[in-house]
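A.B. asks: Dumping the structure here so I can ask a few things about it.
The values are calculated or read from the model by the stated rules, or taken from the named source; none is laboratory data. These numbers were taken from a predicted model, which means no experiment stands behind them. Cβ atoms come from the backbone with ideal geometry, glycine included; neighbour counts cover every protein chain shown.
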Amino acid sequence: MAPRAAQRAPVFEHPLSATVGRLLALEETAAALDEVSADPRPQQCHAAALLLARQLEDFSPHQLGDSLALEIRRWTDHLDGLAHRPGVDGAKLDRLRSLLEQLGRRLTAEWPDYHGRLCSEPWLAAYRRQVDGGAEGLRPSPRAWAAAGQDPGQRVAGWGRELAPLRAAAEGGLRLMRDSLQRQAVACPAEGHELALPAEAASGLVRIEGPADRLAEVRPAGSGLRIRFLDPQDLAPASETVQATLAWFTL
């Protein structure tokens, strides 16, 4: 679970399924590629390439691709259920449903080829061998990036473009979840606060906003979650009651 950037109230997001966890990881990876392509220093290029190489299997069509297609169908069904509620903007729902359906079709049609090109790209292939423990071939490093003749930012940006169909689907789904969050202000004691969730929830996202000097810890608790805050210095539970905002979306 990674903190999302904020100045005064850090936000932590916890996935309720492996698929949503991979979507959050994809979002972070794509953002890292954008940042590095704009400022392609050797050490940063190396770190971004290693990150992507480690995650390519998780992003593969038979891992994230298939499960994301199922997730998109869940999101579309969720929108169908909202359509007849009072006060709901039907035109906005229709646009979002159409976008999700387009993303689903594009994901199925295009992502296997995009993923195959990423896996066979020479630099990423070298990094994947290194991640898998292979001893043969080039062992990429920051020094190798410094010796690269072409602008390394262009190579990293190219990887980002190959992620485009999967990234678009991930961003659409995460935006839907974040826009649909239920919120609750809580006083979280040292032993933690238990957040009750629907027992039948198959997927979703929990978002935690707390003070800048505390880290959120999430553990399973029956069908829900137990949330407590830690001191970042020694990761011990905070001794005081922490005021926080919890938000969640489940399917």
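A.B. asks: Does residue 167 qualify as being in the same structural domain as residue 35 (by TED's automatic domain parsing), at pLDDT 90 or above, surrounded by fewer than 19 Cβ atoms within 10 Å (Cβ to Cβ) and within 28 Å of residue 94 (Cα to Cα)?
C.D. replies: Details: in the same structural domain as residue 35 (by TED's automatic domain parsing): yes; at pLDDT 90 or above: yes; surrounded by fewer than 19 Cβ atoms within 10 Å (Cβ to Cβ): no; within 28 Å of residue 94 (Cα to Cα): yes.
Judged against the criteria, residue 167 is not a match.
A.B. asks: Give the number of residues within the stretch 90-136 that are assigned to a helix (DSSP H, G or I), closer than 22 Å to residue 158 by Cβ and of a type outside the set (Val, Ile, Thr).
C.D. replies: Initial filter on the stretch 90-136 (assigned to a helix (DSSP H, G or I)): 90-120, 122-131.
Those left that are additionally closer than 22 Å to residue 158 by Cβ: 103, 106-107, 109-120, 122-131.
If we keep only those that are of a type outside the set (Val, Ile, Thr) too, we end up with 103, 106-107, 109-120, 122-130.
Final tally of qualifying residues: 24.
A.B. asks: Also: Just wondering, is there one or more residues in the stretch 168-176 that are out of contact with any His (no Cβ under 8 Å at 6 or more places or on another chain), free of Cβ contacts under 8 Å to residues at least 24 places away in the same chain and within 18 Å of residue 20 (Cβ to Cβ)?
C.D. replies: yes
A.B. asks: Right, something else. Can you pull out every residue in the stretch 225-243 that is of a type in the set (A, V, I, L, M) and loosely packed, with under 13 Cβ neighbours inside 10 Å? It would help to see each step written out before you state the result.
C.D. replies: As a first pass, look at the stretch 225-243 and keep what is of a type in the set (A, V, I, L, M): 225, 227, 230, 235-236, 238, 242.
235, 236, listed by residue number.
A.B. asks: In the stretch 137-155, which residue that is basic (Lys, Arg) and part of a helix (DSSP H, G or I) is nearest to the chain's Cα centre (by Cα)? Don't jump to the end; show me each part of the working.
C.D. replies: Of all residues in the stretch 137-155, those basic (Lys, Arg) come to 139, 143, 155.
Add one more test, that the residue is part of a helix (DSSP H, G or I), and what stays is 143, 155.
Numbers: 143: 30, 155: 23 Å.
Only one residue fits best here, namely 155.
A.B. asks: Quick one: would you say residue 133 is on the phi > 0 side of the Ramachandran plot and modelled with pLDDT under 90?
C.D. replies: Judged against the criteria, residue 133 is a match.
A.B. asks: For the condition over 21 Å from residue 250 (Cα atoms), of a type in the set (Gly, Ala, Ser) and surrounded by fewer than 18 Cβ atoms within 10 Å (Cβ to Cβ), what is the one hit in 53, 48, 109, 18? Even if it seems obvious, please write down each step before you answer.
C.D. replies: Details: 53 fails: surrounded by fewer than 18 Cβ atoms within 10 Å (Cβ to Cβ); 48 fails: surrounded by fewer than 18 Cβ atoms within 10 Å (Cβ to Cβ); 18 fails: over 21 Å from residue 250 (Cα atoms).
None of the other options fit; the residue is 109.
A.B. asks: In addition: I need the strands (runs of 3 or more DSSP E) fully contained in the stretch 162-233, keeping only those with at least 1 residues that are closer than 24 Å to residue 31 by Cβ and under 16 Å from the mean Cα position of the chain (by Cα). Before the answer, list the steps.
C.D. replies: Working: elements: 182-188, 193-195, 204-209, 215-221, 224-230.
Output list reads 204-209.
A.B. asks: Take the residues of the stretch 147-163 that are among the hydrophobic types (A, V, I, L, M, F, W, C) and modelled with pLDDT under 90: which is farthest from residue 36 (Cα to Cα)?
C.D. replies: Initially, the stretch 147-163 is screened for residues among the hydrophobic types (A, V, I, L, M, F, W, C), giving 147-148, 156-157, 159, 163.
Next, from what is left, pick out any that are modelled with pLDDT under 90: 147-148.
Details: 147: 17, 148: 15 Å.
Ranking the candidates gives 147 first.
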